[in-house]
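Notes follow once the structure below has been shown.
The values are calculated or read from the model by the stated rules, or taken from the named source; none is laboratory data. Only a predicted model underlies this, so the values are computations on that prediction, with no experimental measurement involved. For the accessible areas, the whole protein counts, side chains as well, though only heavy atoms, and no ligand, DNA or RNA atoms are used. Shrake-Rupley method; radii C 1.70, N 1.55, O 1.52, S 1.80 Å.
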Amino acid sequence: MNALLRLLLLCIAAALPLAATADEPKKVLRVAFSSAETGFDPVKLNDLYSRAITAHIFEALYQYDPLARPTKIRPLLADGMPVSSPDFKVWTIKVRRGIYFADDPAFKGRKREVTAQDFVYVFKRVFDPANKSAGLGELDSVGFVGLMAQYQEAVKTRKPFDYDREVEGIKALDRYTLRITLEAPRPRLLEVLAQSDLYGAMAREVVEFYGDQIDAHPVGTGPFRLKQWRRSSLIVLERNPDYREEHYTAEPAADDAEGQAILARLKGKRMPLIDEVQVSIINESQPRWLAFLNGQIDALATQTGAVPIEFVNIAMPGGHLAPNLARRGIQGWQVVNPDAGVSFFNMENPVVGGYTPEKVALRRAISLAYDVQREIRVVRRGIGVPAQSMLVPHTSGYDPAFKSEMGDYDPARAKALLDLYGYVDRDGDGWREQPDGSPLVLEMTTQPEQRNRDFDLVWKKCMDAIGIRIRFITGQWPENLKSARAGKLMMWQLGGSADKPDGQGSLARYYGPEAGAQNLARFKLEAFDKLYDQLQALPDGPERDKLFLEAKRLTTAYMPWKAHVHRVEIDLVQPWVVGYRRPLFWTEWFQYVDIDPSKRPN
C-alpha cells in the first residue's frame with residue numbers, strides 16, 4: 001500500500017463517525033452516499049440522496065411491503081385501505097388515531113397527534129408558489145380539484161398562499177377522515193400516497209416555527225429523527241424515542257426463499273431494529289470501496305451508494321460474489337435497477353434546443369453518435385442493459401423486446417443527418433459549424449469524480465468522431481441540479497430512478513407542466529402532454545399499453561433526452577447486517593435491517 005493510499009485511509013477513518021463501544025451498546029448502521037444531499041424539506045426535493053433521508057423521518061399514508069415481490073402497498077398512517085368511487089375520482093381515507101410527531105420545540109412541550117388536516121397541509125404546500133416545489137408537476141397531473149387554480153391565483157396576485165381556504169380537491173371531513181376529489185380518474189393514486197419521502201405527514205406549526213430553516217429541521221412521525229447534519233459530509237439519524245410500538249411484518253411470496261428466511265428471523269421484532277444510522281458522503285469511488293473493505297461502513301447498497309462501477313468485477317466477477325469476500329461472510333446481490341442513466345438537452349437552449357427540423361436532427365445525430373456499448377464496456381465494467389426509451393425495468397410500459405433509434409449507434413448515419421441539415425465544416429478546421437455559420441460547441445455539465453471523468457471521455461471520443469466540439473463544465477452535484485432546474489445547463493448526464501411501479505413516472509420527464517422539476521429538458525409538446533393525460537386516466541391494460549408505445553416513439557423522434565442504459569448494480573453488506581433487501585421504488589430500508597453484534601469485529 002503506497003503512502004498516498006495510507007493517507008487516504010486515515011482521512012476516511014477520521015471523517016467517518018465512530019461505531020458504538022462496549023460502554024455504548026447501541027446498534028449503529030454505517031452507510032455511505034455517493035453524492036451529497038440538498039436538504040430535508042420534502043416539498044423542495046428532487047434528488048434521490050435527500051429523499052433517502054426524509055423517507056426515514058416522515059411517514060405517508062401508505063407504504064410498500066419491504067419483502068413482497070411483486071410489490072404490494074399496505075397502510076402506514078392510514079387506518080386501512082382507501083375507499084374509491086367506481087370512477088376513481090373520489091377517494092376517502094381514514095387516518096390512524098394515536099400517531100404522534102417526534103417531540104420538538106415547535107410544539108412547546110405538547111404531544112402533537114397527527115390528523116387528516118396534516119395531510120391536507122402537506123399537499124397544499126406543493127401548490128404554494130413560494131416553495132417552488134419540484135413535485136408541482138406530478139401533483140398537477142394528478143388533478144386535485146381547485147388546487148392548481150389556487151396556485152395560479154397566488155402567482156397572479158402575488159399574495160401569500162391561503163392555507164386556510166378549503167379546497168374541494170383535498171379536505172379533512174373530520175379529525176381523522178381525508179377526502180380527495182380529482183378532476184379525472186386516477187386508478188393508481190395509491191402509488192402517490194405511498195411516498196413517505198415526499199408526502200409524509202408534516203405539522204404546519206413546525207414549518208412556521210423554523211421558516212426558511214425548515215430544510216434543516218425535519219420533524220415527522222417516522223422511526224428516526226435527525227441528530228446531526230454537516231452539509232455534504234455527514235448525516236446522523238437516531239431512533240425516534242417517541243416512535244409508536246410497531247413490529248416487523250412482511251408478506252414475501254411463498255416461493256421466495258430469501259424473503260421467507262428474512263421474515264422468519266425478524267418477524268415480530270420492534271421497529272426500528274437499530275438505534276442509529278450514520279451516513280457519510282464519500283463522492284470518490286476508491287475511498288468508498290476501501291471504507292467498506294476495512295469495515296468502516298456496513299453496506300455499499302441501494303442506488304444512493306452501491307458498489308462503485310470501477311469495482312464491480314472485483315466484487316462479483318462473472319456475477320458471482322468474489323471468493324475472498326465470501327470467506328469473510330460478506331453478502332452480495334446483483335440487481336437490474338428500475339432506472340436509467342440519461343442525458344438531457346435543454347430544449348430552450350439556442351444551440352441544442354428547439355423543435356425545428358434542423359434542431360431535431362442535431363439531437364438525433366448526437367444520440368446516434370454516442371456509443372452506449374462503449375460506456376457499458378469501459379465505464380460500467382461490462383454490466384448494464386442498453387436503454388431503448390425512458391421506460392425502465394420493473395415498471396408498467398417497459399417492454400424488453402422494444403427497439404428504437406434511442407438504442408442505435410450509427411456514426412455514419414449521424415454524419416449524414418448533420419450534413420443534410422447544414423451542420424458542416426465551413427472553414428476546413430475539422431469541426432462542424434451551425435447552419436448559420438456560427439460555431440457549434442456542445443457544453444456538457446459534469447461532476448469532478450473519477451466516474452464522471454470516465455463518462456466525459458466517452459462523450460469526447462464520440463463527438464470528435466463526427467466533428468462536433470464538446471467542452472465540459474464541472475460542478476458539484478447539488479449546484480448542478482439547481483442550475484438544471486433553473487434551465488441554465490445545455491446538457492447534463494445523470495441517473496433517473498422510478499419511484500412507483502407505474503411507468504408513467506418516467507415519462508414525467510417529458511411532461512410540459514413538469515418543466516424545471518422532473519422535466520429538466522424543459523420539453524413542451526402539446527401532443528405528448530395529451531398522451532400523458534390519457535395515460536393518467538386509463539386503468540392498466542392493452543389500451544394503456546398502446547399509449548405507452550406511442551409515447552416512446554414520439555419522444556424518441558424529438559430526442560430531448562438520450563437514455564443510455566438501465567443500470568445493473570451490486571449491493572454488498574457486511575456479515576453483521578441482517579435482513580437487507582434492496583427496495584425497488586421506495587427509499588426507506590434502515591428500519592428493516594438489524595445488526596448482529598456477535599459478528600461485528602471489536
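In whole percents, the pair-distance distribution calculated for region 21-105 from its alpha-carbon pairs, binned every 10 Å from zero, is 12, 27, 38, 18, 4, 1. Across all Cα atoms of region 252-327, the radius of gyration (one decimal) and Dmax (whole number) stand at 15.5, 41 Å.
Over region 65-105, all Cα pairs binned in 10 Å intervals from 0 give whole-percent P(r) values of 22, 34, 33, 10, 1, listed from short to long. Among the lysines, select those whose C-alpha is under 16 Å from the C-alpha of residue 72, and discard any that sit fewer than 8 residues away in the same chain. Residue 72 reaches 500.
If you wrap the Cα atoms of region 161-303 in a convex hull and average its projected area over all directions, you get 13.7 nm².
For region 396-541, the alpha-carbon coordinates run over 57, 36, 29 Å along the three principal axes, in decreasing order. Of the solvent-accessible surface of region 538-598, computed with a 1.4 Å probe over protein heavy atoms with every protein chain present, carbon and sulfur atoms account for 55 percent. When all protein chains stay in place and ligands, DNA and RNA are ignored, the 1.4 Å accessible-area order of 499, 298, 540, largest first, is 540, 499, 298.
Of all lysines in the structure, the ones whose alpha carbon falls short of 27 Å from that of residue 359, not counting any fewer than 8 places away in one chain, are 403, 415, 460, 461, 482, 488, 524, 530, 552, 562. Taking the three principal axes of the alpha carbon atoms in region 524-602, the coordinate ranges are 62, 28, 22 Å, sorted in descending order. Fully extending the segment from residue 550 to residue 599, taken as 0.36 nm per residue of separation minus the present Cα-Cα distance, adds 12.3 nm. The alpha carbon gyration tensor of region 399-442 gives principal lengths a ≥ b ≥ c with a/c of 1.5 or higher and a/b greater than b/c, which makes the shape prolate. Summarising the amide proton neighbourhood of residue 565: residues at separation of 5 or more, or on other chains, whose placed amide H is nearer than 5 Å comprise 341, 387.
What the phi angles of region 300-308 give under the Karplus curve with 6.51, -1.76 and 1.60, with θ = phi - 60°, is a coupling list of 10, 8, 6, 6, 7, x, 6, 4, x Hz, glycine and proline written as x. Here the ratio of the Cα radius of gyration of the chain to 2.2 N^0.38 Å is 0.97. Among beta bridges identified by DSSP and lying wholly in the chain, the antiparallel ones come to about 75 percent.
For region 41-86, the carbon plus sulfur part of the accessible surface works out to 58%, probe radius 1.4 Å. Whole-Hz Karplus values for region 591-599 come out as 6, 9, 10, 10, 10, 9, x, 5, 9 Hz, taken residue by residue from phi with 6.51 cos²θ - 1.76 cosθ + 1.60 and θ = phi - 60°; glycine and proline positions read x. Normalised size of region 558-602, defined as Cα radius of gyration per 2.2 N^0.38 Å with N residues, equals 1.80. Averaging 1/r over every pair of different alpha carbons in region 97-146 and inverting the result gives a Kirkwood radius of 12.9 Å.
Mean projection of the Cα convex hull over all viewing directions, computed for region 315-461: 11.8 nm². Averaging over all projection directions, the Cα-based convex hull of region 369-435 occupies 6.4 nm² in the image plane. For region 391-480, the carbon plus sulfur part of the accessible surface works out to 54%, probe radius 1.4 Å. Calculated [222 nm] ellipticity per residue, helices only, for the chain: -8500 deg cm²/dmol; basis is -39500 (n - 2.57) per DSSP H run with n ≥ 4, divided by all residues, nearest 500.
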